[in-house]
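Okay, so here's the structure we're looking at.
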Amino acid sequence: MAYSAIILAGGRGKRMGYQEKSMMLVHGMPLILYVIKSLKNVADEIIISVRDKNQEELISRILPGYAYSCDKYENKGPLSGILSGLSLCKNEYCFIAACDMPFIDEDVVKMLFRMSEGYDAVIPRRENGLFEPLHAVYRCGQMIRETRKAIEAGETLILSPIFKMNVNSIGMKDIRDIDPDIRTFINVNTPEDMEQIINI
């Protein structure tokens with residue numbers, strides 16, 4: 001089966017001083033390129049979701065040849081980026097991640113895809129009960145429908161569409177069996193996070 005992947009790059013990086021987070025360099029390489037390298041052997045197509053044409057132009061200068069989707073709704077947060085990215089997907093299932101997750105484990109992603117059959121979504125769930133919706137697999141058609149409904153209802157929470165879907169919740173034991181330190185979920189939100197990433 002062929003699979004898709006969406007990388008959400010449209011965030012404005014408020015906690016990073018409004019820097020273009022996807023283009024921040026880690027050991028000389030843009031942060032988003034680490035995500036792409038993790039996904040290129042797992043997904044048959046990679047879509048980069050951006051907030052507008054200006055951001056697309058900026059990123060595509062460094063990363064030409066990828067499919068780019070632009071947000072169609074303003075002030076809807078990741079839901080708008082998810083919806084625009086899904087509209088370009090050619091396959092039934094899609095892995096969605098943020099552009100600031102440099103340690104995504106491709107074997108974890110493969111497991112999520114394997115466990116997606118018969119479900120609308122496969123989402124890791126931490127020991128405290130919290131989901132990891134930006135490190136998850138979704139059935140594109142159902143996710144498009146529920147995301148559109150959520151946006152039209154004025155919702156902005158990324159989990160809003162998921163509550164109406166048939167979800168396979170994956171516990172941390174299954175993740176740790178592949179990635180013992182669960183580095184696959186690490187993301188960069190602050191300058192302190194970036195310093196830790198560089199040290200790793």
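For Tyr66 and Arg176, what is the calculated FRET efficiency with R₀ set at 25 Å and r taken between the beta-carbons, to the nearest 0.05?
0.20
Using helices alone, I'd like the mean residue ellipticity at 222 nm for the chain: each DSSP H run of four-plus residues gives -39500 (n - 2.57), total over residue count, nearest 500.
Here the helix-only value at 222 nm equals -9000 deg cm²/dmol.
Any idea how far apart Leu159 and Glu106 come out in nm if each label point goes 7 Å out from Cα toward Cβ?
Inter-label distance under the simple model: 3.2 nm.
Counting other Cβ atoms within 10 Å, which chymotrypsin sites (Phe, Trp or Tyr not before Pro) in region 1-69 have at most 12 and lie in a DSSP loop? Before the final figure, lay out the partial values.
Numbers: sites: Tyr3, Tyr18, Tyr34, Tyr66, Tyr68; in loops: Tyr3, Tyr18, Tyr66.
Qualifying residues, ordered by number: Tyr18.
Check each of the trypsin sites (Lys or Arg not before Pro) in region 58-100 and keep only those in coil by DSSP with at most 16 other C-beta atoms within 10 angstrom; list them in order.
Those that pass, being in a loop and sparsely packed, are Lys72, Lys90.
What is the sum of charges, Lys and Arg at +1 and Asp and Glu at -1, for the other residues whose Cβ falls under 9 Å from the Cβ of Ala2?
Surrounding charge for Ala2 is -2.
Please compute the net charge surrounding Val50, taking Lys and Arg as +1 and Asp and Glu as -1 over other residues with Cβ under 10 Å from its Cβ.
Net charge in that neighbourhood comes out at -2.
Of Ala153, Ala97, Ala136, which is the most mobile in a GNM of the chain whose springs link Cα atoms less than 10 angstrom apart?
Checking each option, the largest mean-square fluctuation is seen for Ala153.
Pairs of Cα atoms under 8 Å, at least six residues apart: use those to get the relative contact order of the chain, whole percent.
Dividing the mean separation by the residue count of the chain yields 24 percent.
Of Leu134, Leu39, Leu157, which has the largest mean-square fluctuation in a 10 Å C-alpha GNM of the chain?
Among Leu134, Leu39, Leu157, the largest mean-square fluctuation in the Gaussian network model of the chain belongs to Leu157.
Taking region 5-46, which trypsin sites (Lys or Arg not before Pro) meet the DSSP loop condition and have no more than 15 other C-beta atoms within 10 Å?
Counting only loop positions with at most 15 other Cβ atoms within 10 Å, the trypsin sites (Lys or Arg not before Pro) in region 5-46 are Arg12, Lys40.
Of the residues Gly171, Gly65, Gly77, which exhibits the maximal mean-square fluctuation in a Gaussian network model of the chain defined by a 10 Å Cα contact cut-off?
Gly65
On average over all directions, what projected area in square nanometres does the chain have, based on the convex hull of its Cα atoms?
Working: hull surface 42.6 nm².
Value for the chain: 10.7 nm².
Reachable lysines from Lys76, Cα under 30 Å, same-chain residues fewer than 8 places away excluded?
Lys14, Lys21, Lys37, Lys40, Lys53, Lys90, Lys110, Lys149, Lys164
Between Glu57 and Glu127, what is the FRET efficiency for a Förster distance of 30 Å, r being their Cβ-Cβ separation, to the nearest 0.05?
0.10
Provide the net charge surrounding Gly11, with neighbours chosen by a C-beta distance below 9 Å and charges set as Lys +1, Arg +1, Asp -1, Glu -1.
After counting each charged neighbour, the total is +3.
Bear in mind these aren't lab numbers, they're just calculated from the coordinates by the rules spelled out. What you see is a predicted model; the values in this text were computed from it and never measured. Neighbour counts are summed over all protein chains in view; Cβ atoms, including those assigned to glycine, are modelled from backbone coordinates with ideal geometry.
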